[in-house]
1. Can you give me the relative contact order of the chain as a percent, contacts being Cα pairs under 8 Å and 6 or more apart?
2. How much of the DSSP beta bridge set in region 22-227 is antiparallel, as a percent to the nearest 5?
3. For the chain, find the longest principal axis of its Cα atoms and tell me its angle to the long axis of helix 48-60, 0 to 90°, nearest 10.
4. Using only the Cα atoms of region 22-227, build the gyration tensor, take square roots of its eigenvalues as a ≥ b ≥ c, and label the shape rounded, prolate or oblate: rounded if a/c is under 1.5, else prolate if a/b is larger than b/c, else oblate.
5. Let me check against my output: what whole-number percent is the relative contact order of region 22-227, with C-alpha pairs under 8 Å and at least 6 apart?
6. Considering amide H positions built from the backbone, and no H for Pro or chain starts, which residues 5 or more places from ASN10, or on another chain, come under 5 Å of its amide H?
7. Once every DSSP H run of n ≥ 4 in the chain is given -39500 (n - 2.57) and the sum is divided by its residues, what mean residue ellipticity at 222 nm do you get, rounded to the nearest 500 deg cm²/dmol?
8. Taking the Cα centroid of region 3-31 and of region 299-353, what is the distance between the two, rounded to the nearest whole Å?
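Please treat every number below as a calculation from the coordinates, not as lab data. The structure presented is a predicted model; accordingly, all values stated were derived computationally and were not measured. Virtual Cβ from ideal backbone geometry, glycine too; neighbours counted across all protein chains shown.
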Amino acid sequence: MSKIVIAGGNKLEGKIKIDGAKNAVLPILAATVLNGGKNVIHNCPELKDVLSTLEILKFLGCKVKKNGMTITVDSSDINEYHIPEHLMREMRSSIIFLGSIISRCRKAVISYPGGCEIGPRPIDLHLKALRQLAININDTRGYINCSVDQIKSEDIHLTFPSVGATENVMLAAVMAKGETVIRNAAKEPEICDLQNYLNAMGAKVSGAGTSLIRIEGVSKLHNVEYTVIPDRIAAATYLTASAITGGTVEITDVVAEHIQAVLAMLKECGCKIRIREKSITLSRHSVLQPVEMIRTLPYPGFPTDSQAPMMALLSLAKGTSIIAETIFENRFKHVEELVKMGANIKIDGRVAVVKGVEKLLGATVNATDLRGGAALVIAGLAADGVTTIDSIYHIDRGYEKIEEKLAILGANIKRTES
């Protein structure tokens, strides 16, 4: 089993490139099912979730080629419309295939998806919205069975701006008859990237990045070549790692606008940030300061995916910080592991009270989920002694060779097998 071992204390210095966005490439890969042709996608990160998605595409009958950061998917000869349980349980985002398969095949059978255990993430919103498109959905023995003669356009109001539900409706409605409207749509940059990808293959989608998205159905789609946006969560993670070590790091191939909420908190912590066209440089030479309140919110608010890494940083701030998690009810599982390292954190429901300590101590800890694992890496970079992180397959789901990137910046970090 793989582990990450960190000898803390080194300042991070230097420059790294940010890879393509995990949360953008996965729905885009699901969208390759739609056009029945060739899809060439650049800037695809080497992640466990990406590889799991490619296995689903192969099972469906797609021809898949991977050459470095470029993935080519030929979906001409899809011969399956169901995804077996062993493929679905690998990741939560596999639910996005529901919209694309039903659009292409007019029927779909999938089991409930897996992923990180960070609390209930019901797909009720997905199913309710898809039913409004005249899709028949039956839930039997853990499988979702869908069928439709003709997907019909509809005016859909989401009760919560769910990223996944927004994406599923976009995928399902691309070739529906008439215009579909999504109200209270998610505004994340990954939604904009999916819109741009769909339009590049001939779809007519507008409004992504706002709360109202319009999808005018088209009769056919064509071949497409596209480059995925940079990963804003990875960018925020590496900046937070720089901040906790008191170093100076430049990240390139990044869109600063996508992480303004995180940058604001890092500035409040005492970091100096310089933004250029496609790069961000962070430095910190003063004592870490606490923040009054971080409340996770849908974009453009503070991202839930950056909550755990920021908590690791605040555990060394000179004072008390409050973090309120409003998106997922069980996203404080990393707290117990940070406490093992000497952090002073108390949980009350969905609120964490973080009292900064003078130092963290190296320990053997367990990555309970993807972003919690990243928080432990960040804590280990600043801890006295050696930190060993188990269950790093969670980390590999969202960060490409995290130990190599941090080593480039001067961290004493390695991956070991045991």
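1. Relative contact order, the chain: 21 percent.
2. Details: 27 of 38 bridges.
So the antiparallel bridges amount to about 70 percent of the total.
3. Its long axis makes an angle of about 10 degrees.
4. rounded
5. Dividing the mean separation by the residue count of region 22-227 yields 20 percent.
6. Under 5 Å from the amide H of ASN10 lie the amide H atoms of ASN412, each far enough along the sequence or on another chain.
7. Estimated from H runs of four or more residues: -9000 deg cm²/dmol.
8. Distance between centres, Cα-based: 20 Å.
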